[in-house]
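Below: the structure, in structure tokens.
The values are calculated or read from the model by the stated rules, or taken from the named source; none is laboratory data. All of these numbers come straight from a predicted model, not from anything done at the bench. Positions of Cβ are generated from backbone atoms using ideal geometry, with glycine treated the same way; all protein chains shown enter the neighbour counts. Calculation scope for accessible area: heavy atoms of the full protein, side chains included, ligands and nucleic acids excluded. Shrake-Rupley method; radii C 1.70, N 1.55, O 1.52, S 1.80 Å.
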Amino acid sequence: ESGALAGANLSTGVKDGTKDLEKDMGNLGERSGSALAGGTEKHMGGIKSALSSLGVPNSLLGGWGAMGAAVLGVGVGAIDMGVKMQSADTSIATSAGISTKAATAIGNAFLGTALKSEFSGREMAEAYSTVAGQLGATEGHALTTAQAMTVMNVATDLATAKNISLGDATSTLAGIMQAFQIPVSGAADASNVLFNASNATGQSVDAIGASLEKLRSKLGGASPPLSALTALMVDMTKQGITGRTALTGVQSAETSLIGAATGATKAGATAEATLKSFGLTAVNAKGQLTPMSDIITALGPKFATMTQAQQLASASLIFGTSSAKAMVAV
């Protein structure tokens with residue numbers, strides 16, 4: 001009974017002290033490092049008194065005792081989290097070229113997702129800090145708090161769905177958005193494309209992202225949109241054409257189609273002439289590049305009536321020799 005009573009007294013003392021500590025910490029633990037340190041000093045007396053009433057020697061309580069050290073350890077941990085959060089805010093400010101106040105507002109928004117996301121507010125802030133400038137350049141201005149939240153909510157969903165790190169999901173998404181000049185409003189669609197392409201091809205999200213960025217770089221401003229390039233990569237994978245071969249095939253086919261649209265080279269003029277012989281053209285009525293999917297859909301029935309040699313010959317003229325076999329398969 002004495003032991004039970006003593007335990008109850010200790011429990012009450014610790015609970016009272018903990019409640020006061022939590023009050024000092026406020027709702028945002030990441031911001032409460034210094035507050036917790038002060039609260040620990042202020043309320044340790046209650047815990048020491050409870051220990052003393054149980055007969056714990058004062059000598060043992062001199063340095064706050066074992067319990068004091070444990071609670072202090074919690075305070076030190078919170079202080080460390082607070083320092084890291086401030087560091088993330090500073091990184092956001094530097095990367096985005098915004099004031100510390102504005103960066104802190106973004107950080108606070110991330111912290112507000114506590115218990116609503118698999119990732120902590122600090123993890124979101126750290127991941128965003130690495131791409132804030134990149135996203136700002138794509139959008140044409142530093143992202144607002146709401147826009148930053150939009151991107152990071154999408155990134156956290158992608159990271160959770162693919163079971164990858166938040167840093168990888170965020171950097172891949174930002175890289176694709178910049179390469180294809182996709183605004184914040186299109187972040188969710190870009191993420192869906194990456195997710196579906198990864199599932200369909202069996203490649204990791206970052207590998208898919210790297211391949212698409214490389215394709216966009218090589219094809220330049222005339223490059224088809226993200227969804228079109230990805231669809232062609234997936235189609236090739238379904239035909240057993242994977243890895244570097246698929247990447248080369250997509251690049252060569254799209255380059256040839258762009259050449260046919262401009263007619264600036266002999267090969268381009270030949271490609272356009274061949275398309276016209278099938279009742280097609282590389283440029284639609286709006287003066288835009290005809291989607292590859294439309295070209296493939298129209299050529300399918302026509303190729304079905306040819307011999308393999310005729311298919312390869314026609315594909316070589318339209319899509320280039322290096323991708324002819326792959327495009328015939330598609």
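Numerical summary
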| read-out | value |
| --- | --- |
| For a label point 7 Å along the Cα-to-beta-carbon line of residue 283, residues of region 289-330 with backbone N under 11 Å | 289-290 |
| Relative packing of 245-257, 128-140, which averages over residues the other C-beta atoms within 10 Å, highest first | 245-257, 128-140 |
| Backbone N under 15 Å from the residue 264 label point (7 Å along Cα→Cβ), restricted to region 276-294 | 289 |
| Gyration tensor verdict on region 144-222 (Cα atoms; rounded if a/c is under 1.5, prolate if a/b is larger than b/c, oblate otherwise) | oblate |
| Rounded percent of accessible protein surface that carbon and sulfur make up, region 202-269, 1.4 Å probe | 52 |
| Other-chain or far-sequence residues with amide H under 5 Å of residue 283's (modelled H) | 290 |
| Cα-centre dipole for region 85-162 with unit charges at Cβ (Lys and Arg positive, Asp and Glu negative), debye to 20 | 80 |
| Student exercise, region 102-246 dipole from Lys, Arg, Asp, Glu Cβ charges, in Debye to nearest 20 | 300 |
| By accessible area with a 1.4 Å probe, ligands and nucleic acids excluded, highest first: order of 302, 162, 214, 325 | 325, 214, 302, 162 |
| Pairwise Cα inverse-distance average, inverted: Kirkwood Rh of region 119-269 (Å) | 16.1 |
| Computed lengthening from residue 304 to residue 217, 0.36 nm per intervening residue step minus Cα-Cα distance | 27.9 nm |
| Net dipole in debye of region 219-330 [+1 Lys, Arg Cβ; -1 Asp, Glu Cβ; about Cα centre; nearest 20] | 120 |
| Extension gain from residue 200 to residue 242, taking 0.36 nm per residue of separation minus the Cα-Cα distance | 14.0 nm |
| Surface accessible to a 1.4 Å probe, residue 293 within the full protein complex, Å² | 70 |
